[in-house]
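Working notes, beginning with the structure itself.
The values are calculated or read from the model by the stated rules, or taken from the named source; none is laboratory data. This one's a predicted model, so the numbers in the text were calculated from it and none came from an experiment. So basically every Cβ, Gly included, is an ideal-geometry build from the backbone, and we count neighbours across all protein chains shown.
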Amino acid sequence: MPRFRYEARDKQGRQVAGEVEARSRVEASLRLREADLWITKLVPAEVARTRQAPSAVRRAAGQWRYSLWPVRAAALRDFFLQLADLLQAGINVYEAMTGLADRVHWRLRRVVREIAPPLARGEGLGDQLARYPYVFAATTVGMMRAGERSGQLPEMCRLLADQYQQDHRIWLSLLPVRLYGWLVIFFAIMAPAVPAVLPAVFAWRMEHSEAKMAEVLAQLWQHYAVLLVHRLLPLFLGVVLLDWLVRWLLRQPWAAGLRQNLLRFLPGAAGYLQIGRNARVLAVLEAMVHAGASYGEALEVAAEAAGPGGLGRQLARAAQRVQAGEPLGTAMAQVTRLPFAARSAILTAEQAGAQERTLGRLAAAEREALEAAPRRLALLGNLGGLGLLGLLTALAVAWGYYNYWSAVFEAGEKLMQ
């Protein structure tokens, strides 16, 4: 019969630990609760002995290529969908990874091949994904660890695939306005500078009064080409390089919290990010409670799935309070980043003994909201982008008019002389 390693507190609040035999994690949890123990940690004994701590996970070599050129959300969506299908069919995670090595997107094949051997030795999938922080975000790693600890790995894979699908839809919907934006930036730099070369062309025309229009235009292009090579193209390439550098810095794992804070200022992005975090947290809580885990352990895992940011930190502090013996209601009152309706429903469900049903209902509601969020974000993002581009166009036109009238006055002064 399987054995489970547990850590708990007794009625006197003393920390106790040991192992219990049970057919499932739920049965082990029921036995410990019948013994009046407040469970703080409950994992299979073999997992407790072999699982590597997240802090000890070493990054894989060759991360720079994923830092410079990130893997698209569509590739990760397909990977987790196929992984969920294989796990749902009863195939173990090692065989699933071995089979996927030649089926996933070509940029993920090396990662999958390197992950498979440690899985054969019994190491956790979440710990192996953590070796590739430029491919799998901290929230993805947290979801995988939650799936392993709750026994619902296929469900977590499908939830991740759904979120990557939403990210891909948003990327596609915002792509036209991004391309249009770069077109506007290009012409905003190139076009307004044309009047700046008019004084030199006018001076040449005064010296060559019998020159034909083709010769005048050739002189105009010659002066503009010098300006283009020495000033305009370097300026445009500098803007492109600055954009790439900012995006590269924001892709760094240490900048995940900063990236989320910046995205909150984009039109519609704050709501989408909040819905995504809530969906992950509630799904993890549902899975952990279904597996018989304590609320302290469930909150601890949910904090990792929430990712960097205020909600993750609040959940981690709440988990510590609950594991220290503090009532759930007092601890959850500090998790202000979670909607009030969700917090109150969780507390009521604990009193009524309907935690799993309530968490399932809350998670389903957030997933429905997540389905509609990309359309709203795409609409607001496109409108906001077009508004900024309109402002940029107005500034470029104003700059062009300024250059034009400056050239006219300069030419007039030379004519007066």
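Scan the range 247-276 residue by residue and report those that are in contact with an Asp or Glu (Cβ under 9 Å, 6 or more places away or on another chain) and not aliphatic (A, V, I, L, M).
From the range 247-276, those in contact with an Asp or Glu (Cβ under 9 Å, 6 or more places away or on another chain) are 275-276; that's our starting set.
Within the range 247-276, just Gly276 meets the criteria.
Kindly establish whether Leu235 is closer than 30 Å to Thr139 by Cα and either surrounded by 12 or more Cβ atoms within 10 Å (Cβ to Cβ) or modelled with pLDDT of 80 or more (or both). It is false that Leu235 is closer than 30 Å to Thr139 by Cα and either surrounded by 12 or more Cβ atoms within 10 Å (Cβ to Cβ) or modelled with pLDDT of 80 or more (or both). Of the residues screened, Val226 is one that is surrounded by fewer than 18 Cβ atoms within 10 Å (Cβ to Cβ) and modelled with pLDDT under 90. Inspect the range 123-130 for any residue being at pLDDT 90 or above, crowded, with 22+ Cβ neighbours inside 10 Å, assigned to a loop (DSSP other than H, G, I, E, B) and in the same structural domain as Ala73 (by TED's automatic domain parsing) and give the result as yes or no. Yes: one or more hits.
Of the candidates Leu258, Leu311, the single residue that is within 22 Å of the chain's Cα centre (by Cα) and buried (at least 17 other Cβ atoms within 10 Å of the Cβ) is Leu311. Val111 falls short on exactly one of the conditions (1) in a helix (DSSP H, G or I); (2) out of contact with any Phe, Trp or Tyr (no Cβ under 7 Å at 6 or more places or on another chain); (3) in contact (Cβ under 8 Å) with a residue 40 or more places away in the chain, and that condition is (2). When the range 199-220 is filtered for residues that are loosely packed, with under 13 Cβ neighbours inside 10 Å and under 24 Å from Trp405 (Cβ atoms), the ones remaining, listed by number, are Met206, Glu207, Met213, Leu217. Looking only at residues in the range 1-52 that are acidic (Asp, Glu) and part of a strand (DSSP E or B), the one that is modelled with the lowest pLDDT is Glu7. Checked against the criterion of being part of a helix (DSSP H, G or I), farther than 19 Å from Glu7 by Cβ and among the small types (Gly, Ala, Ser), the candidates Ala316, Ala345, Ala298 yield just one match: Ala345. Failed condition for Thr336, given (1) part of a helix (DSSP H, G or I); (2) surrounded by fewer than 22 Cβ atoms within 10 Å (Cβ to Cβ); (3) under 26 Å from the mean Cα position of the chain (by Cα), with all others met? Only one criterion is unmet by Thr336, namely (1). Counting only helices (runs of 4 or more DSSP H) wholly contained in the range 159-270, the ones carrying 1 or more residues that are within 25 Å of Gly307 (Cα to Cα) occupy 233-250, 256-263.
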